[in-house]
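The values are calculated or read from the model by the stated rules, or taken from the named source; none is laboratory data. Since we're looking at a predicted model, the values are computed, not measured. When we count neighbours, we look across all protein chains shown, and the Cβ atoms used for this are built from the backbone with ideal geometry, even at glycine. The area values use the complete protein model at the heavy-atom level, side chains included, leaving out ligands, DNA and RNA. Shrake-Rupley method; radii C 1.70, N 1.55, O 1.52, S 1.80 Å.
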Amino acid sequence: MKKTEVITRLAPTPSGFLHKGNLFNFMLNWLYARKCGGKVFLRIDDLDSERAKPEFVEAIFRDLEAIGMDWDLGPSGPDDFYKKWSQKYRTDRYVELIKTLSDKGFTYACECSRKLLHEQGVSAEYPGICRTKNLDFEQNITSLRFNREALGFASGDPIILRKDNIPAYHIGSICDDIDFGVTHVFRGKDLIESTQLQKEMASAAAISDYDDIQFQHHDLLLDSKGQKISKSAGNAAGSQEGLLIKEFAVWMGLSPQSNPIHNLADLMALPLSII
Ligand SMILES: [Zn+2]
């Protein structure tokens, strides 16, 4: 059955403070859902438990509150997040998808270390060195990769289960979007490749509902030197929220010159061309 209700998601990773690019992305997802009378899902990606820090989790809630953003699904605050919503509670679900892919013959264990790949001059796509080695997955010794060979790709097999036995980002992203009924994902153009891989994995695992999710990739926010913003400039939200929302409106081409923009409610009054 086709879903009739729009659900978008805000998907911060608490391994650093949010930057303006993150907040613009959240505003876009929020605005689309609200304009459609849909729901917003706050999905905090703490799969990489070594890099996820409580101070960054707390900052996510602080920043969202500062710009007046609300959501309908997901943790209400840091305590609720740690009690119920951390991705560690969903490990079984992620392992189930990895097992499905393995059972269907789409995975292989890989013993290549980062050092070895570097020595072999591999800088971007993994060239499938271990595809035919028939290794077993062994924690701390091998990782598990998604095999794209059957899909016609000679390289670029992503890791789906890390050496430390933690499911990789793609797996969490697919499972969460499906399980929480996400219908629309607006993400940066830097994630076009991720979207492609996630679609391939969902298709390999025969998750047909995944085809119904609409993905759109927006331009990345650039700094004054034309570089992608990747680090927080410190005070992304804070006391400048009005200015931030106005800047977002300009970035979106929402012609705020004729309409004063002070808060998210003002954005709602503007026509949004992506709908
Ligand atoms: Zn390998």
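Are any residues in the stretch 12-24 open to solvent by less than 30 Å² (accessible area, probe 1.4 Å) and either farther than 15 Å from Leu272 by Cβ or touching a strand residue (DSSP E or B) at 6+ places or on another chain (Cβ under 6 Å) (or both), and if so, which ones?
Pro12, Pro14, Gly16, Leu18, His19, Gly21, Leu23
For the stretch 174-196, filtering for residues that are out of contact with any strand residue (DSSP E or B) (no Cβ under 9 Å at 6 or more places or on another chain) and open to solvent by less than 10 Å² (accessible area, probe 1.4 Å) leaves 1. Going by the structure shown, is Ile171 closer than 22 Å to Arg43 by Cα, hydrophobic (A, V, I, L, M, F, W, C) and either away from the ligand (no atom under 13 Å from the Cβ) or touching a residue at least 24 places away in the same chain (Cβ under 8 Å) (or both)? Here the answer is yes, as Ile171 does meet what is asked. Tell me yes or no: at least one residue of the stretch 212-224 is open to solvent by 70 Å² or more (accessible area, probe 1.4 Å), out of contact with any Lys or Arg (no Cβ under 8 Å at 6 or more places or on another chain), of a type outside the set (Val, Ile, Thr) and without any contact (Cβ under 8 Å) to a residue 12 or more places away in the chain. Yes - at least one qualifying residue is present in the stretch 212-224. If the condition is being farther than 21 Å from Asp48 by Cα, among the polar types (S, T, N, Q) and crowded, with 17+ Cβ neighbours inside 10 Å, then the stretch 113-167 contributes only Asn147. Among residues of the stretch 252-275 being polar (S, T, N, Q) and either at negative phi or touching a Phe, Trp or Tyr at 6+ places or on another chain (Cβ under 9 Å) (or both), the one that is modelled with the lowest pLDDT is Gln257.
Rundown of residues vs (1) within 16 Å of the ligand (Cβ to nearest atom); (2) of a type in the set (Ser, Thr, Tyr); (3) outside any helix (DSSP H, G or I), yes/no style:
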site: Gly128; (1), (2), (3): yes, no, yes
site: Lys133; (1), (2), (3): yes, no, yes
site: Cys175; (1), (2), (3): no, no, no
site: Val182; (1), (2), (3): no, no, yes
site: Val185; (1), (2), (3): no, no, yes
site: Lys199; (1), (2), (3): no, no, no
site: Ala202; (1), (2), (3): no, no, no
site: Phe215; (1), (2), (3): no, no, yes
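Looking across the stretch 46-64, just one residue is closer than 17 Å to Gly21 by Cα and either open to solvent by 80 Å² or more (accessible area, probe 1.4 Å) or in a loop (DSSP other than H, G, I, E, B) (or both), and that is Arg62.
From Ser102, Ser123, which residue is under 25 Å from the mean Cα position of the chain (by Cα) and either outside any loop (DSSP other than H, G, I, E, B) or of a type in the set (Phe, Trp, Tyr) (or both)? Ser102 is the lone residue from the list that is under 25 Å from the mean Cα position of the chain (by Cα) and either outside any loop (DSSP other than H, G, I, E, B) or of a type in the set (Phe, Trp, Tyr) (or both). When the stretch 139-155 is filtered for residues that are in contact (Cβ under 8 Å) with a residue 12 or more places away in the chain and either away from the ligand (no atom under 13 Å from the Cβ) or within 17 Å of Asp103 (Cβ to Cβ) (or both), the ones remaining, listed by number, are Gln139, Asn140, Leu144, Arg145, Phe146, Asn147, Arg148, Glu149, Ala150, Leu151, Ala154.
The C-beta contact set for the stretch 62-83 (first residue more than 12 Å from Pro12 (Cβ to Cβ), second residue open to solvent by 30 Å² or more (accessible area, probe 1.4 Å) and modelled with pLDDT under 95, distance under 7 angstrom, 6+ apart or interchain) comprises Ala66/Gly238; Ala66/Glu241; Ile67/Glu241; Gly68/Asn263.
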